[in-house]
Every structure is written in structure tokens, then in C-alpha cells.
1. Quick test for you: out of 78, 66, pick the one residue that is within 30 Å of residue 123 (Cα to Cα) and either in a helix (DSSP H, G or I) or not assigned by TED's automatic domain parsing to the domain that holds residue 285 (or both).
2. Which one of these is in contact (Cβ under 8 Å) with a residue 24 or more places away in the chain and either under 16 Å from residue 274 (Cβ atoms) or part of a helix (DSSP H, G or I) (or both): 146, 126?
3. Checking residue 129 against (1) in contact with a strand residue (DSSP E or B) (Cβ under 9 Å, 6 or more places away or on another chain); (2) crowded, with 17+ Cβ neighbours inside 10 Å; (3) under 27 Å from residue 270 (Cα atoms), which single condition isn't satisfied?
4. Can you confirm whether residue 188 is surrounded by 20 or more Cβ atoms within 10 Å (Cβ to Cβ) and under 24 Å from residue 254 (Cα atoms)?
5. Among the residues of the stretch 241-271, count how many are surrounded by fewer than 19 Cβ atoms within 10 Å (Cβ to Cβ) and in a loop (DSSP other than H, G, I, E, B).
Amino acid sequence: MATKKNYGDVLAFIQIVKEGSFSRAAATMGLSTSALSHSIRTLEGRLGVRLLTRTTRSVSTTEAGERFYQRVAPHFEEIERELESVREQREKPSGTVRITTAEHAANSIIWHKLAKILPQYPDITVEVTVDFARTDIAAERFDAGVRLGDELDKDMIAVRIGPDQRIAVVGSPEYFEKHAQPTSPKALTEHNCINLRLPTHGGLLPWVFDEDGREFTVKVSGQWVYNSVSPIVRAAVAGQGLAYLPEDTVLDHIEAGRLIRVLDNWCDPYTGYHLYYPSRKQASGAFPIILEALRHKPES
């Protein structure tokens, strides 16, 4: 079995040659001159050759010492450069963070928050995969996932990244010129409703409502079915039917009068989005930066 070596005496030798003085090398290394002298004697004893010639006024290398210095010093300098590179990486985070999320969270939270900070970290890459499935992030090699708070697995660390959400049922003024506004969720069966097909599950997003703390689902139908939120908003504004969407995706249209909100009393708030990730330590130096940027900070 190889003997473990201590290379402190080699480093002492290199520093003495660089400084050309025991005293200056001792000051640089924070050691006493007697300690350096002991290190050099130990190294010379280990190698079986004299490395330095020391007088009262100067210190110089022997022929063997000069050859040894030329051979080993560049390697230690390379190691020091690599160590400095690691230190710089710690101070300048880098790496790729892979996140799986639903479309709404990708647009309303991840993009909104990370677009502000990523220019400060040019060595960080964020890869966002839009997926409605309950993805096994460990098996699929994602760093984190985003779900609503009531859908989280108990063995995951969860960090809230957004406020509570609400659903808005909306239609355009042109649509309501031809159809009466529904006064209860059950009346939706008489309306042309624009559905969202969940790309992963294949089914339609259920239209869920609340009454006195009790949830119930209304099965709706209509001429349009999309697998993305954006075209549903467009179709609703164009008067093609009623839409069931997160309110932040349609608030601008409501305020501008392009859409009218109905059934507001049946749409209670629900728990907002959380970022979840395994309890194991995250290896990427980029992950803590992304986590902190996404963390929900309620306005005071």
C-alpha cells in the first residue's frame, strides 16, 4: 500500500525559490524561518540530494534543486489555477437547471421571475419542459418540478413560488349579446364552452367550482378544444365561447372590456404553485440562485 505523502515541504521549497529568500517565503506562507528550514531538511532527506545552497546573504538552488524546481513547480501552479477556477465558479454560479412545469406556471411565474435575473448570470442555463403529467423528476433527471400546493409528494422539499390562484369564467361582450350570462355553473351546459385538452393525460380539464366549501364538477362541451391556454384566450376574445382559465391570463382583457367575467362567486381561491425537488443535496451551483429567484415573497 502506498504511503500517504505530505507535500507541504515541496510547496515550501517552491516558495523559497520564487522568493529567493527563506525570510520572505516564511512571511508569504505565514510560517517561521525555522519551520521552513525544517521542511527543506525533511525534503532533502526524503530525496537524498541537496536542493538549496544557503549563505548568510542569499539562497540558491543546486543543480539537482534547479532541475527538481523546473519539473515540479509547473504542476503545482496548474493545481493552484484549477483551485482558483473552482473558487471563481463558486462566486460565479454556473450550470443547467432543468424544470418540468405546466404551461401556466411556465408563463406566469418562471418566465416572469427568471427573465429578470438570468442576465446577471450568463453561465446559468434554465431548461423548462412544459408537461401536465405528474412527472417523476428523479427518473426523468429533472432538478425540480412545479405543481399546485395540494398536489405535492410528501417526500419532496417544496418551496412556494406563487400566490394563491383563482379561476375566471369569461366570455366576450359579443358572445353575451347572443347568449344570456349563466347564473350558476349548471347553466354552462347550455353554452358553447372552449375546452382545454391536457396533452399528457389526453382528457379535458374539468371545470371545477365551489359551493359552501364543497367542490363539484360541471361537464361542458363546445366547438373548440385546444391543448394550450393562449389560443383559448384568443378564441374567447373573438366571441367563440366561454373559457375557464386562471384569472391572471385574462385580467387585462377583463379590465379592457374585451372579456366579461361570470360565476365569480363559485370560483374560490386555491393553493398556488410550489417548486418541489428531492431532499438530496443539489450539486449545481446554479440551483440555489434559481430557487431564491422563484421563491414567493408576499407583498407587505
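The values are calculated or read from the model by the stated rules, or taken from the named source; none is laboratory data. Keep in mind that this is a model prediction, so the values were computed, not measured. Cβ: placed from backbone, ideal geometry, glycine included. Neighbour counts: every protein chain shown.
1. Step by step, each of 78, 66 is checked, and only 78 is within 30 Å of residue 123 (Cα to Cα) and either in a helix (DSSP H, G or I) or not assigned by TED's automatic domain parsing to the domain that holds residue 285 (or both).
2. After ruling out the rest, the residue left standing is 146.
3. Every listed condition holds for residue 129 apart from (2).
4. It is true that residue 188 is surrounded by 20 or more Cβ atoms within 10 Å (Cβ to Cβ) and under 24 Å from residue 254 (Cα atoms).
5. Of the residues in that region, 6 qualify.
Residue by residue, here is whether (1) small (Gly, Ala, Ser); (2) within 26 Å of residue 131 (Cα to Cα) holds:
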{"position": "165", "(1), (2)": "no, yes"}
{"position": "176", "(1), (2)": "no, no"}
{"position": "188", "(1), (2)": "no, no"}
{"position": "207", "(1), (2)": "no, yes"}
{"position": "216", "(1), (2)": "no, yes"}
{"position": "221", "(1), (2)": "yes, yes"}
{"position": "232", "(1), (2)": "no, yes"}
{"position": "242", "(1), (2)": "no, yes"}
{"position": "257", "(1), (2)": "yes, no"}
